[in-house]
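Heads up, the thing below is written out as structure tokens.
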Amino acid sequence: MKMKKAILSCLMLVAGLSVSAQEQKGTTEYIFEPNWYVQVQGGARYTTGETDFGKLISPTVQIAAGYNFNKALGARLGVNFWQSKGGYDIKGNDAFAAYKTDYKFTSIAPALDLTLNLANLINGIPTKWEYGVFAGVGLNIRSAASDEVKSIANYVNQFEGFTPMPDDYTKSGVFVTGRAGAFVNYFVTEQLSLGLEVNGNLLSDKFNYKKAGNPDSYFNALLGIKYHFGPTYTTKFIPAPEPQIEYVEKVVEKIVEVPAPAPVIEPLRRDIFFLINKYNIRESEEQKVKDVVDYMRQNQTAKVQVTGYADAGTGNDKINDRLAAQRADAVVKMLTNKYGIPADRISYDSKGSRVQPFADNDSNRVTICIAEVEK
């Protein structure tokens, strides 16, 4: 009996050493970090008016600073300025000749926006793209009318039936502005992104010097750059709980029959490789996913471990942690969504670039799938 206990103790020690030597499994949690950013944009403005569409387009610039409180909500204080346009397109008759003209004027519009990041809400983890919507209020300070505008006013105001430009409206003015819009940005690096924004602005009457009896409006289309100060996300590795190992001492007094050993079903491994900075599965690699699907369907008790990696030769730990997780997630989604493998038969993990399964740097842009029948 003492000999048996000594043997069991040795076996437990060897098993413990084996488990500790194995690679630790777990999941990577992404934690949003509140952050400040600045933004510079330029583009075109269309001011609604009474002449050809192309003649009402003018240049505009916007500079803003903002703060993201959490992964969904943020606030931005910006200033939009440069140029707006107005115009007339009057058909002539016996009383007066046809008259068609356009004019320009300057304005500056500070505004406070509330932003909603839809990409973070939908994806749950950071990606190269972000998109969302915003709404805000502000002021629009319009310049006094130029000599050109006053000359147009003197001519138009001679006739009845046309939108007038009274003298008191050609002075400088301040207008309350409400606006809303949408944006989409692409991250070139973790902190720098290029983006497109469109917004619509609604003001009270007389912004374009004309007393039309209805609100005035203009629309902006802007391209620009955005720079975030500090990290937007940090990562936290959560190790999987260690399995409980139980040892049972069993004494066999008599062996009556030795059954034939069950056939051994070998595990299946497939390595799905990705291009640099990509996590979409190419057609040339999808056959490897199909091999895993066939194995799982032929062996109904089989399960698969999916592990994503990134190469250490490019990027940094934060970027590579995100890429590795996205590569693992792409394979899991193809197994479940496209081929119907139940989620409870799949476990997944990501190692970033901290673990390099291959000696060749580029080969580490990979998701490794190991499917095997549970014993």
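Coordinate-derived values only; no laboratory data. Computed from a prediction, not measured in an experiment: that's the story for all the values here. Positions of Cβ are backbone-derived with ideal geometry, glycine not excepted, and every protein chain shown enters the neighbour counts.
General remarks:
- Anisotropy class of the range 304-365 from Cα gyration tensor, a/c 1.5 cut: prolate
- Under the span-like rule (Cα at least 15 Å along the axis, Kyte-Doolittle mean at least 0.0), DSSP H helices of the chain: 2-21
- Using every pair of separate Cα atoms, the Kirkwood estimate puts the hydrodynamic radius of the range 96-206 at 17.5 angstrom.
- Pairs beyond 29 Å (Cα-Cα), from LYS71/LYS303; LYS71/LYS333; LYS128/LYS333; LYS128/LYS338; LYS55/LYS128; LYS236/LYS290: LYS71/LYS303; LYS55/LYS128; LYS236/LYS290
- Projecting the Cα atoms of THR301, GLN191, SER204 onto the charge dipole of the chain (Cβ charges, centred on the Cα centre) puts THR301 farthest toward the positive pole.
- Taking the three principal axes of the alpha carbon atoms in the chain, the coordinate ranges are 122, 37, 36 Å, sorted in descending order.
- Here the Gaussian network model covers the chain, with springs between Cα atoms less than 10 Å apart; of ASP311, ASP291, ASP329, ASP291 fluctuates the most.
- Residue among ASN214, ASN185, ASN201 with the largest mean-square fluctuation in a Gaussian network model of the chain, springs linking Cα atoms under 10 Å: ASN214
- In terms of overall dimensions, the C-alpha atoms belonging to the range 142-231 reach 61, 24, 18 Å along their principal axes, ordered largest to smallest.
- Restricting the calculation to Cα atoms, every distinct pair contributes to the Kirkwood radius of the range 160-315, found to be 24.9 Å.
- Taking the charge dipole of the chain about its Cα centre, with +1 at Lys and Arg Cβ atoms and -1 at Asp and Glu Cβ atoms, the residue from ALA111, LEU73, TYR348 reaching farthest to the positive side is TYR348.
- Most fluctuating residue given options ALA153, ALA111, ALA97, as computed from a GNM of the chain linking Cα atoms under 10 Å: ALA97
- Projecting label points 7 angstrom from Cα along Cα→Cβ for TYR155 and PHE81 puts them 3.1 nm apart.
- Summed residue charge, Cβ within 15 Å of THR314's Cβ, Lys/Arg positive, Asp/Glu negative: +1
- Basic side chains Lys and Arg get +1 at the Cβ, acidic Asp and Glu get -1 at the Cβ, and with that the dipole of the range 28-89 about its Cα centre reaches some 100 debye.
- Calculated FRET value between ASP344 and VAL38, using beta carbons and R₀ = 35 Å, to 0.05: 0.15
- Given charges at beta-carbon only (K, R positive; D, E negative), |dipole| of the chain in Debye: 420
- Of ILE57, ALA180, PHE229, farthest towards positive along the dipole that unit charges on Lys, Arg, Asp, Glu beta carbons give the chain: PHE229
- Entry note, the chain: relative contact order of 15 percent, from Cα contacts under 8 Å with a spacing of 6+ residues.
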